[in-house]
Amino acid sequence: MILSKKKMLACNLDIGVGTKIKGSDMHKEIFDKYPAKDKSNLIAILQDVQEIYGYLPEETLQEVGDFIDMPLCSVYGVATFYNQFRLTPLGKNVIRVCRGTACHVKNSANILMALETELNIGAGETTRDKLFTLETVACIGACSIAPVININEEYYGRIEVKDIPKIIKKYQQEAKKEQIAEKTVESE
Amino acid sequence: MVELTINNVKVKAEEDMTILDAAKSVGISIPTLCHMKDLFPTGACRMCVVEVDGMRGLTPACAYPVTEGMKIDTNSPKVRQARKTIVELLVENHPQDCLICVRNKNCELQDLSEVYGLREHRYVGDKKDHAIDISSASMERDPAKCILCGRCTRTCNEVQKVGAIDFTNRGFQSNVTTPFNKGLNISDCILCGQCILVCPTAALREKSNSKMVFDAINDKRKFVVVQVAPAVRASLGEEYNMPLGTNVTGQMVTGLRRLGFKKVFDTNFAADLTIMEEGTELIDRVSNKGTLPMFTSCCPGWVKYIEQNRPQLLKHVSSCKSPHEMEGAILKSYYAKKMGLDPKDIFVVSIMPCTVKKFESDRPELSQEKMADVDAVLTTRELVRMFKMAGIDFNDLPEDEFDNPLGESTGAAAIFGTSGGVMEAALRTAYKVMTGEELVSMELDDIRGFSGVKEASIKVNDLDVNVAVVNGIGNVDQVLDEIEAGTSKYHFIEVMACPGGCINGGGQPIHQKPEKVRKRVSVLYDIDKNAKNRRSHENEAVQKIYDEFFEKPNSHKSHELLHTSYVDRKAILRKK
């Protein structure tokens, strides 16, 4: 089953705010596509799982291992070998810090450090409130405005360390507003 | 046959030989790290590179087959330089705390560093930084010391087929670890310790209890007693440069007395007792249509495996405690009463060839009134370290004998330490009990040796009793599948998690040679052959303990003290 992008995003967000998806039916549809006990399909199956959840949940990896008859440690080994696989759900906002050459020359290391300090997480991690995921990219392709970071669809060029708290605050406030809006809808 | 030259020496080799084997056959040694005999070569570590005439670059000797007319140089400047660089890079990404390392002077990385003459630090850079995993009761994992040779992962996945650890991540972040980097205690690991035996460094090691034992010995209120498993006496001499296959029972007893143990007992006594209990349980199951086949329960690694993977089959496992736990239970009941001691003051130490026994002794099921049957378990390796620390010169020790009444044993108990031994011992006694006659041939060659699953059939009265012996936990799944499918023809199955049995247990001296295991086995079979009594029911001390205390095998009292229950660990691990 290939979910529409919108639904997929919905799944992501659901997980993002801590809702658990009962996924066994989804898994059945994935497993039906592949022969059992065939290790060669591991990567394809993991890609399908990630398409549904946006990441690879631990329980699902165990199910995948049982299905292709491979120990969990080896499935986990493959999942951590490739950069395409994520083992934690994405946060609501994904921050990508460019660590390409031009940005590096323009101090992107400090930008990254400032973000890590501000969010209290390391690169590749997600904040506890699931609002932000911090990632690094080899090159965003916007060297002319280096150093550059990208949050969701938006690009922030020629930024300085002192801009970081302001930017983060903007997204935090947005999230707060949304939460309040949701609550009022619920109470009505 | 093909002919080739290695370092200008003419060599005749079989066609399917690798360069490594061919060189070895003429006394040319090539260093290896990732290479494992009998497993498919991976060629990952590149330590074994050699120069082959006409080939571009360097060739890994462990993975390359010989061909006619090959000209090989294993010692060219290019080869030496390449190997030295590999060692240098490994050493620079290693903690280099050899002086305080448990594998000091018994480390392959240290040896290679010496062989290739490392005298300076040529590379400086980041070092990997991983926390030590001390979560399990038996083993420690120190990934910072890991050189990523992969021998542990191959042992775990290909030999034992447990699949607890594997390579994760990539490049500098590469790490051999459990799924989600969780502790070994909540992984699929059965703590068999076979990975420790193949680890070239101290990345995998047992969790040491020696301080706890020294403390107990020095505690004047404690009555500290020790018991020794059959396999320990067959391997201990190796650590003191004695010839392979030396039986050091006598010296070992003296050594333990000098270490400060009040009494030195033999786990073999409890092995005889196990046979009485387990044999009776089998006869009961066969004659009363109980659950068959019945599995032995002496091996805690096997018990942990079935608890974690096939809890639905736990009713097939004998309810008997393993021998050292039985011995502990008797020491704190029968023996304490007899000697007028408070069971709480008795501190029981087991010297075992095994790492899982540490975990086993912590099991809450194996205790009476919140008092563990066995208080501490030491591996053979830890015992050697304690001997050294206490200044006991093992080579010059006089011989001594075990204390009684829990020191007497038969030949049947001695072979408990090797694959097939428990089965053989059980059959000797069960046959006698069921038919009233002695087994004609005492030595059952069908179930000796090193094959994966060994089987035999013995006619007892009108019944053909089919038995199987599973040697190494990696071979157990086929037997379990048969049982689940309802097609198993067996009545009684012995399982030992380590290939070869306890004699090759995860707590034994580190070795890399399979021949060593065979030599150790011969010690146990010799003890059996020369024993006065070779059947467990002939053990007079065991007969006496039944007369005085337990009444008969599988009595109410023996069920209380000598039998146990099991836990569904799959439910715990999988959280379902």
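Bear in mind that the values in this text are calculations on the coordinates, not laboratory data. Since we're looking at a predicted model, the values are computed, not measured. With ideal geometry, Cβ positions are generated from the backbone for all residues, glycine too; neighbour counts draw on all protein chains shown.
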Which order do the peptides B:113-121, A:126-134, B:43-51 come out in when sorted by mean C-beta neighbours inside 10 angstrom, highest first? B:43-51, A:126-134, B:113-121
Can you compute the FRET efficiency between B:Val433 and B:Lys344 using 1/(1 + (r/R0)^6), with r the Cβ-Cβ distance and R0 = 45 Å? Round to the nearest 0.05. 0.75
Within 10 Å of the Cβ of an average residue in A:61-73, the count of other chain Cβ atoms is 4
Report the extension gain between B:Ser565 and B:Lys211 in nm, rounded to one decimal, defined as 0.36 nm multiplied by the number of residues separating them, less their alpha carbon distance. 124.4 nm
Relative contact order of chain A, defined on C-alpha pairs under 8 angstrom at six or more residues apart (%): 18 percent
Angle in degrees between helix A:5-16 and the longest Cα principal axis of chain A, rounded to the nearest 10: 80 degrees
Taking Cα pairs under 8 Å and at least six residues apart, what relative contact order does chain B come out at, in percent? 15 percent
What is the helix-to-structure angle for B:249-259, meaning the angle in degrees between its Cα long axis and the longest Cα principal axis of chain B, kept from 0 to 90 and rounded to the nearest 10? 90 degrees
Among the listed pairs B:Lys105/B:Lys304; B:Lys262/B:Lys332; B:Lys289/B:Lys544; B:Lys71/B:Lys516; B:Lys207/B:Lys557; B:Lys222/B:Lys358, which have their C-alpha atoms separated by more than 23 angstrom in this model? B:Lys105/B:Lys304; B:Lys289/B:Lys544; B:Lys71/B:Lys516; B:Lys207/B:Lys557
More than 20 Å apart - percent of Cα-Cα pairs taken over the stretch B:10-90: 26 percent
Spatially proximal aspartates and glutamates relative to A:Lys169 (Cα-Cα < 13 Å; intrachain offsets below 8 disregarded): A:Glu118
Angle check, please: helix B:476-485 long axis (alpha carbons) against the longest principal axis of chain B (alpha carbons), in degrees 0 to 90, nearest 10. 50 degrees
Using a Förster radius of 51 Å, what is the FRET efficiency between A:Val94 and A:Ala36 based on their Cβ-Cβ separation? Nearest 0.05, please. 0.90
Hits among lysines - C-alpha to C-alpha of A:Lys176 under 28 Å, sequence gap 8 or more where chains match: A:Lys5, A:Lys6, A:Lys7, A:Lys20, A:Lys22, A:Lys92, A:Lys130, A:Lys162, A:Lys166
